[in-house]
1. Within 10 Å of each Cβ of A:2-11, how many other protein chain Cβ atoms are there on average?
2. State the Cα centre-to-centre distance between region B:112-169 and region A:99-158 in whole Å.
3. Can you give me the long-range amide H partners of B:Asn182? Hydrogens built in the peptide plane at 1.01 Å from N, cutoff under 5 Å, separation of 5 or more residues or another chain.
4. Let me confirm one metric for peptide B:346-355, namely the mean number of other chain beta-carbon atoms within 10 Å of its residues' beta-carbons.
5. What is the helix-to-structure angle for A:251-260, meaning the angle in degrees between its Cα long axis and the longest Cα principal axis of chain A, kept from 0 to 90 and rounded to the nearest 10?
6. Would you pull out the residues with amide H under 5 Å of B:Ala114's amide H, same chain only if 5 or more places away, H placed 1.01 Å from N?
7. Mind running the shape call on region A:70-170? Use the C-alpha gyration tensor, a ≥ b ≥ c as the square roots of the eigenvalues: rounded below 1.5 for a/c, prolate if a/b tops b/c, oblate otherwise.
8. Ordered shortest first, which distances in nm separate the 7 Å Cα→C-beta label point of A:Ala64 from those of the other copies?
Protein chains: 2
Amino acid sequence: MPKFKQLGYDKVWTEPVTFPKWERRSEHAQVLGKYTQPLVLTALGGSPGGTVEGDVVRFADFDALKAAPDGSLAGKIAFVDYHMKRARDGDDYANGSDIRVAGPSVAIHKGAAAFLMRSAGTDSSRAPHTGITHFEKGVAPIPAAALAMPDADQLTRLLALGATRVRVALDCGWNGEYTSQNVIGEITGSAKPDEIVLIGGHLDSWDPGTGAIDDAAGVGISMAAAALVKPLHPRRTIRVVAFANEEQGLYGGRAYMDAHAKDVAKHVIAAESDFGAGRIYGFDSSARDSEKVALAQIALALAPLGVESLPGQGDPESDIGAMTTRGMAWAWLGHDGSNYFDLHHNAEDTLDKIDPKALAQNVAAYAVFVYLAAQADGGFGSAPKAADAAAR
Amino acid sequence: MPKFKQLGYDKVWTEPVTFPKWERRSEHAQVLGKYTQPLVLTALGGSPGGTVEGDVVRFADFDALKAAPDGSLAGKIAFVDYHMKRARDGDDYANGSDIRVAGPSVAIHKGAAAFLMRSAGTDSSRAPHTGITHFEKGVAPIPAAALAMPDADQLTRLLALGATRVRVALDCGWNGEYTSQNVIGEITGSAKPDEIVLIGGHLDSWDPGTGAIDDAAGVGISMAAAALVKPLHPRRTIRVVAFANEEQGLYGGRAYMDAHAKDVAKHVIAAESDFGAGRIYGFDSSARDSEKVALAQIALALAPLGVESLPGQGDPESDIGAMTTRGMAWAWLGHDGSNYFDLHHNAEDTLDKIDPKALAQNVAAYAVFVYLAAQADGGFGSAPKAADAAAR
């Protein structure tokens, strides 16, 4: 809040976000027997604690685990060794996060006593990648953790030599509730103060790193971009939201929706920066078919920054997703995520990994977007939609 | 030992090496106060345990710490933030290791309650670099640890904002003695079985990594190279030594010297691979002035492997150093160490970091050296020298 005020925002306030609290206390794993050695891993968010010893059964991908007969992993440790592929748009995270989120429950159905996965990442460091997992209703949760890449490799080599028994010891779990805050700053519109262009990022981060790329960058980019255009007296209000608790399940975005869904029509368009601080290379919007003129103006101004118009390639990012299910128009300013999954949800997410030149380009692109969206003659198609229970 | 036998070595035996045992149990650090956050560090080998809270005083290099007035650090935590430079020959490790080995004692003379250093490494990972430190006789040891690079950066940024108090909590220390073994394999010479060409590496490694580059690579290169030339029936005996406990202070090399110094003259020449598994680019020997013909033959055979003769640039590596002080001739086959200090003594020292093609070149270069040294008509100048007490 002091930083918003220091940057000259006209209004600054907070809105509460309450969520269950998951804590990591300690995490260890060890190969047992002849080749005894430690394995570096990190508990998945939402994992229960517990110590499990069992023979490891490796699956090359999620489909292979799904194909295992029910009960076939009784007393075993399931290990999904999927190698996530590097890509500018990070699209293979769909597979990596699917294994992380849904893998443990599938393993439970097969009888597994614990779940291990090769980290959902693209690096080769000893810094394993955490992230939230969800247990299906009705299953008894099991310890679930992600191995660092070299440790997944080592475990695979040991399994090639013969049966390999591992001890996984996690001390972690849910522990009460916490109330955090969405922190919101506004630059009041000079002509249409009731119409809002929303940008933002999220405040929370996973504990092994410092959260520089996920998502201090997004918060900083948004705050700086709006502050840059304030002297131009934008016609619409620019609202920057630093969302609380994105990581455990979009709590901040959902709390924002609960508080503001009635005002969807006033949210002219929104964009969130939650994919690191690589150069922004692409632009898209839900209004691509209805508001071609206004979007073309934005695209024209983004082009000198190296940003290409890529209709159909974007999505609303993380926290603004909830409001888009209620009819809010969105824009996408796509960061180059080639290196994002080297640093995502692991200890390597630190400030030195951000390229200041790329960060400056990010701020410039957001400043262009937010200013031209605030000045546009028409809207971008935001209109209330009924709540869809399934979207929750 | 089974691997030596499997590779067809003619004799395999062990020789005991006894040393004090240092154990790492846990290590934590935390910035206190307004900007509280964890710092990733690792205790230096030989550090005592203990919990210290104090204001941090930063020094840009070792000279700056040395220049601080005696007593000026009373109750403080000394922090030497020297940035080690990357180099093919790794020569800036002289500075990095000097800070690590001698820094804590200098800090004690200034009154410091604990010692922190930026890791002696060239990476930007969260994997801090450990390594042995030595406390001068008569000083009371203080907790001593190395920060990961991003954590040293962060601490430096916090110090720029104002006084920064840190808690360092190490649980580690000396705990009894252990007896390990130098493991030795020989291919008996066909013509001069009493004359020995010695190559080797060391068996031990620091605990955060797996020791793939430091120094499983050296042991593997040596064992493979000698096994490769066995079918050629080399004239001299080739002895491969996998030394115990190099890391705590060359214990294996000194034990070897204690057992074999009387036979220095029989050790025709020795080389050790203890600088990773980067391509070997340079060749040198203590016999460069006396045995030009024999060395030129070796250099000629090494040239097609990309190895250059670099008189005056080499040194005897680690464990063979003790025997060279007693008059043993040495050769140097210099690995490209450009990336070595990204991986040295930290968690990133894992097998995936070794390039199989470079490793194959290493084995080829050692095979050439060991074979031609075994076949050479003359010796390489080994001759007994009196023990030099200072060298111990």
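1. 0
2. 33 Å
3. B:Glu15, B:Val17, B:Ala244
4. Rounded to a whole number, the mean comes out at 4.
5. The angle comes out at about 30 degrees.
6. Close amide H contacts, sequence-distant or interchain: B:Ala78.
7. Cα axes put region A:70-170 in the oblate bin.
8. Result, one decimal in nm: 5.1.
Taken together, the values in this text are just the output of simple stated rules run on the coordinates, not laboratory data. Since we're looking at a predicted model, the values are computed, not measured. When we count neighbours, we look across all protein chains shown, and the Cβ atoms used for this are built from the backbone with ideal geometry, even at glycine.
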